[in-house]
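The values are calculated or read from the model by the stated rules, or taken from the named source; none is laboratory data. These numbers come from a predicted model, not from an experiment. Here the Cβ positions follow ideal geometry from the backbone for every residue, glycine too, while neighbour counts run over all protein chains shown.
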Amino acid sequence: MNRIKPRHRWVAVLAIAFAAAALGTAYASPKKARVDDEAMSRAIAFETVITGVAEAVSPSVVSIQVEVTRPQQTGFPIPFFGMPSRGGIVRGGGSGVILRSDGYVLTNNHVVHQATRIDVTLQNGKSYRAKLMGADPASDLAVLKIDATGLKQADFASSRNARVGQFVIAIGSPFGLDYTVTTGVLSAKGRGGIGANEIEDYLQTDASINPGNSGGPLVDLNGDVLGINTMIIGRGTGIGFAIPSEIAQRVAKQLIQHGAVKRAWLGVSFQEITPELASHFGGDFDGGALINAVVPGGPAEKAGLKAGDVIVAVDGAEIREGHDLLRTVLRQDVGERLTLKVRRGARTQKVKLVTGERPTEYGQQSKPKGAEDHDALGLSLEEMTPTLRQRFGYEGEGQVFVRGVQPGSDADRAGLQPGDIILQADQRPVESIEDVQLALKDGKALLYLERESRRFFQPITRSK
């Protein structure tokens, strides 16, 4: 056994003491980490901006409560915040933005669509009965009027100048929880092709928005409105959409002045030009909007445009994709003279065109043009148009679709659904609403329907 020599014993003792001290230090309560003062001051400054914006903007945000009597089901895809489809009196809600101090409020059309009663509640708790001044289903916007003055109106910023990645704040009443504030970033601009509305040019954000946020503002860090929150894709996805401030202001102005919206129109439908398509339409060229249909008698036909032409510029503004063309045209007035740069085959030419007035697919909260209600059976029908075909991506031969089904009606009991396309009635081709009405004249018919990718026969009979 080895023994420690006397003269080395104190060294061993000291070594043990130092080791114990070191262990004691290691296991002692750690000191609070020192926070970087500069980083903390920046965080507090940012927090102050968010709270300041919320406090400044909230008085110009309202909560909206609506009552709808036996709402009619809607056909094709609708925004996420739609009302339930059954019941006697159905109650729902949303949000809105004060446009003017004398009581004008901007919200989404789908929040107030078919409402028999609309109430607007301010941040101070005061509630007012609202009157619908006008609605624009194409952009999903509506203007209300309440009998109040001295209100705090919202300030609007240019969504065109907004930058992807900048911080944004959403304020509204999700699930009835008034004046909820959420934050995020502007994820993208110019989003379209969703199929929810006729005119789509959305701002995309990951700021949390939910049912009830519809019609509320999406604001920047200055507290200025960049867009009107309108819908999300799925739940918990972090993908929300807002109508850009330029579109919202333009629509609101016309609804206040005229109760309706007039828009410039070329009279074409179009699609994106891809490299594969380019090889069939004149070779290798970059971008543009490929015309795939020209409305007979419309401005484009009068100017000599044809399917297969590619619009690459409007008044010198480059058209990189279809939504560039849509945005550019929507900024014009009806009757505006435009110069289009058009690629036809291998040639590029300039075409002069005078914009017309864009037809309204779905009237101002009224029956759509070409639509009929067969009240005895609870069936609402509408004829397909080129715009509707493009909007819903329908390429079949069907000419008439089911726009709505009255709950509890004969059509409902027969299992018909909004969006069904009627191909035949009593084994005869259906080319118009009149063909369906003729078959139903005796109170019964055998319908041949197309639903998504399926086709099937469905009898319908009027109840006694």
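Within this structure, Asp224 fails the test of being crowded, with 17+ Cβ neighbours inside 10 Å, touching a helix residue (DSSP H, G or I) at 6+ places or on another chain (Cβ under 6 Å) and assigned by TED's automatic domain parsing to the domain that holds Tyr104.
Filtering region 431-458 to residues that are assigned to a helix (DSSP H, G or I) and either under 15 Å from Asp420 (Cα atoms) or touching a helix residue (DSSP H, G or I) at 6+ places or on another chain (Cβ under 8 Å) (or both) leaves Ile433, Val436.
Based on what the data block shows, is Gln390 at pLDDT below 75 and not charged (D, E, K, R)? Yes; evaluated as a whole, the condition is true for this residue. Return yes or no: is Gln399 in contact (Cβ under 8 Å) with a residue 60 or more places away in the chain and under 17 Å from Glu383 (Cβ atoms)? So Gln399 does not fit the description; no.
Flag: Leu353 matches the condition of being at pLDDT 55 or above and assigned to a strand (DSSP E or B).
Quick one: is Arg403 buried (at least 19 other Cβ atoms within 10 Å of the Cβ) and in a strand (DSSP E or B)? Yes: the conditions hold for Arg403. Of the residues making up region 97-139, those that are among the aliphatic types (A, V, I, L, M) and either not assigned by TED's automatic domain parsing to the domain that holds Gln65 or not in a strand (DSSP E or B) (or both) are Leu99, Val111, Val112, Ala115, Leu122, Ala130, Ala138. Filter region 332-346 down to the residues that are free of Cβ contacts under 8 Å to residues at least 40 places away in the same chain and of a type in the set (D, E, K, R), then identify the one that is farthest from Arg263 (Cα to Cα). So, considering only residues that are free of Cβ contacts under 8 Å to residues at least 40 places away in the same chain and of a type in the set (D, E, K, R), the one farthest from Arg263 (Cα to Cα) is Lys341.
Is there a residue being surrounded by fewer than 12 Cβ atoms within 10 Å (Cβ to Cβ) and either aromatic (Phe, Trp, Tyr) or at positive phi (or both) anywhere in region 139-157? Yes: region 139-157 contains one or more residues that are surrounded by fewer than 12 Cβ atoms within 10 Å (Cβ to Cβ) and either aromatic (Phe, Trp, Tyr) or at positive phi (or both).
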